[in-house]
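K.L.:
Dumping the structure here so I can ask a few things about it.
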Amino acid sequence: MSVRFRVTWTLLSVFFVECLVFGLAMLPGALLWEFFALRTYPFVLVRIVVLSMAFVPAYGLFAFSLMVLSALSTRWLGWRTPVNVDMPIKALEWPLLCWVRYMVSVHVVRLFAGSVFRATPLWTFYLRLNGARLGRGVYVNSLAINDHNLLEFGDRVVIGDGVHLSGHTVEHGVVKTAAVRLGDHVTIGLGTVVGIGVQAGARCQVGALSLVPKFSRLKADATYVGAPVRELPPDEARPLDSHPVIG
Ligand SMILES: CC(C)(COP(=O)(O)OP(=O)(O)OC[C@H]1O[C@@H](n2cnc3c(N)ncnc32)[C@H](O)[C@@H]1OP(=O)(O)O)[C@@H](O)C(=O)NCCC(=O)NCCS
């Protein structure tokens, strides 16, 4: 099949699916709004205030529905990041285009629901539904997390604000993919970049504004800082229980 056909099919299918997902996601919020719009109000001003206030729950309903429907649609359609592959951008082969569709769907959710729900259990729920294998009590406070089906996090993992972590990178015009695995209780500090294929052992801490090069193996119970990361000697890194724990 020609490149033109593949690209056209990809664009059309993404457009159609996103229109459908977006439209269905609007439905609960629109119904809620319609419910308030059809009431009779003593004054026009009251009607305006009620309809204005209905915007917040209506948007919340829309954003939540978008997360669920988008994740279900990528699951049903098999839009996923292929694992351990090198995909030249120039060739525009099917695996690359499938990955593009997955990225588009994630981007739309990030845009309309991510800023509302990130760092909450609902965002963790979305990531899981969209293919990530996450343990219990995982908090992701960053919207720069991609290729969800290539992410494996243990229990109580915390991803700080502004962390870049995904299962793909682009080098010399080639998209390369590999899974990222973080053990239980791993924390990735604010603004850190985690490369593809990284594995971090349980309770490993990565400092803020650090760079974890691709395919790094980080030891359990260790603390890493810097760009690229270096391990802090155990006596330099304070043990996790060095501060009183409240609650
Ligand atoms: C890495 C980290 C856990 C280390 O904390 P700690 O064990 O208490 O260590 P200290 O703060 O005593 O620092 C030890 C040394 O590492 C250095 N260091 C600490 N964090 C660093 C970082 N992000 N980058 C570079 N160096 C760092 C300190 O300057 C210090 O060096 P020195 O001994 O030469 O003075 C902490 O500094 C950090 O970056 N936490 C990020 C938390 C975060 O972003 N969480 C996300 C959810 S909010």
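K.L.:
Just add up the charged neighbours of Thr124: K/R +1, D/E -1, any other residue whose Cβ is under 13 Å from the Cβ of Thr124.
P.N.:
It works out to a net charge of +4.
K.L.:
Give me the tail of P(r) for region 12-55 as a percent: Cα-Cα pairs with distance above 11 Å.
P.N.:
Of all Cα-Cα pairs in region 12-55, 69 percent lie more than 11 Å apart.
K.L.:
When only alpha-carbon atoms are used, what values of Rg and Dmax, in angstrom, describe the chain?
P.N.:
Computed over the Cα atoms of the chain, radius of gyration and Dmax are 21.4, 71 Å.
K.L.:
Can you give the charge dipole size of region 157-238 about its Cα centre, rounded to the nearest 20 debye, using +1 on the beta carbon of Lys and Arg and -1 on the beta carbon of Asp and Glu?
P.N.:
With only Lys, Arg, Asp and Glu charged at Cβ, the dipole is about 220 debye.
K.L.:
Still on this structure, please answer the following. When we measure straight from the Cα of Lys90, which aspartates and glutamates land under 15 angstrom away, once same-chain ones fewer than 8 places off are left out?
P.N.:
Glu171
K.L.:
For the chain, what % of the accessible area comes from carbon and sulfur atoms, probe 1.4 Å?
P.N.:
69
K.L.:
Stretched out fully, how many nm does the piece from Ala119 to Tyr59 gain, at 0.36 nm a residue minus the Cα gap?
P.N.:
Full extension from Ala119 to Tyr59 adds 19.8 nm.
K.L.:
With +1 on each Lys and Arg Cβ and -1 on each Asp and Glu Cβ, how big is the dipole of region 63-218 about its Cα centre, in debye rounded to the nearest 20?
P.N.:
180
K.L.:
Per residue, how much accessible area does the chain have with a 1.4 Å probe, in Å²?
P.N.:
54
K.L.:
Per-residue ellipticity at 222 nm for the chain, helices alone: DSSP H runs ≥ 4 residues times -39500 (n - 2.57), over residue total, nearest 500 deg cm²/dmol?
P.N.:
About -13000 deg cm²/dmol.
K.L.:
If you build the convex hull over the alpha carbons only and average its shadow over all orientations, what do you get for region 118-237? Give it in nm² to one decimal.
P.N.:
6.6
K.L.:
Okay, next question. Can you tell me what percent of all Cα-Cα pairs in region 125-171 are more than 14 Å apart?
P.N.:
Taking all Cα-Cα pairs of region 125-171, the fraction more than 14 Å apart is 48 percent.
K.L.:
Between beta-carbons, use under 14 Å as the cut-off and find the net charge around Leu51, counting Lys and Arg +1, Asp and Glu -1.
P.N.:
Its environment carries a net charge of +1.
K.L.:
What's the Kirkwood radius of region 1-114 in Å, using all Cα pairs?
P.N.:
16.3
K.L.:
Exposed loop trypsin sites (Lys or Arg not before Pro) only (DSSP loop, at most 12 other Cβ atoms within 10 Å): please give the longest stretch of the chain free of them, not including the sites.
P.N.:
The segment 137-247 is the longest one with no such site.
K.L.:
For the chain, which span is the longest to avoid every loop-located (per DSSP) member of GluC sites (Glu not before Pro) having at most 16 other Cβ atoms inside 10 Å?
P.N.:
Longest gap between qualifying sites, sites excluded: 94-235.
K.L.:
Moving on to the next point. Count the net charge of all other residues whose Cβ sits under 10 Å from the Cβ of Asp155, scoring Lys and Arg as +1 and Asp and Glu as -1.
P.N.:
+1
The values are calculated or read from the model by the stated rules, or taken from the named source; none is laboratory data. Here the structure is a predicted model, which means the values were calculated and not measured. Positions of Cβ are backbone-derived with ideal geometry, glycine not excepted, and every protein chain shown enters the neighbour counts. Quick note on the areas: whole protein, heavy atoms, side chains included, nothing else; ligands and nucleic acids left out. Shrake-Rupley method; radii C 1.70, N 1.55, O 1.52, S 1.80 Å.
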